[in-house]
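Values quoted throughout were computed directly from the atomic coordinates according to the rules given, and no laboratory measurement underlies them. Computed from a predicted model, the values in this text were never measured in an experiment. Counting neighbours? That spans all protein chains shown, and the Cβs are built from the backbone with ideal geometry, glycine included.
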Amino acid sequence: MHRVHIAVFSLLVLVCGNVKAAFGQDTVLIDFKIKDQLNRVHTDEDFDGEPVVVVGFDRKGSDYRDRWVAELRDSLRDSAGITQAGVLPVGTLKGVPFFLKGFLKGKFPKEEERWMLLDWKGQFTKAYGFASDSCSFLVFDRERRLRCRSAGTEMDYEVMARLLRCVRESDTRPAAEDLPDNAH
């Protein structure tokens, strides 16, 4: 019995001791400097001191992007006092051939309120392992720590409620390594 306790404890130390290894991704907001489709540069410093909800998507996930981003922005502005800048849409475009970049960039929305980062290098996907064919959601607190993550396609109000609750509670919740498995 004593050996079982030691084995379980050792396994927990091994898994929890290296959060990046345990989760397979970063647990803080990465440093970045990326342009949106309107050629404006955005950096991680633009979001200092406020919670951030990253909405990451690939080509197929972009079908769901507008609805999720609009709902998150409206809900956060209305209920949590978070500005639109608190929602960070990130399109993963790694692997697009250089000669198609200009053409593809022209296909993105021109409306200023529909801006999104164009992550040509895949920095966010590499750091956080975005889900394929859907939108990935990452909530970071004011100290840039990952608080919860999820993914979705069509609007799911249970997922939306969980994300909003996570943003509101971000200053009092435990760090990402302490989140239950259902927070993904």
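Quick rundown of the values:
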{"quantity": "Environment charge at L29 (Cβ cut-off 9 Å; Lys +1, Arg +1, Asp -1, Glu -1)", "calculated": "-1"}
{"quantity": "S132 versus K107: modelled label distance in nm, points set 7 Å from Cα along the beta carbon direction", "calculated": "1.8 nm"}
{"quantity": "In region 65-169, trypsin sites (Lys or Arg not before Pro) in a DSSP loop with at most 11 other beta-carbon atoms within 10 Å", "calculated": "K107, K110"}
{"quantity": "Amide H contacts under 5 Å for L88, placed H, 5+ residues apart", "calculated": "V53, V54, V55"}
{"quantity": "Using θ = phi - 60° and Karplus 6.51 cos²θ - 1.76 cosθ + 1.60, couplings along region 88-99 (whole Hz; Gly, Pro as x)", "calculated": "10, x, 10, x, 8, 10, 4, x, 6, x, 4, 6"}
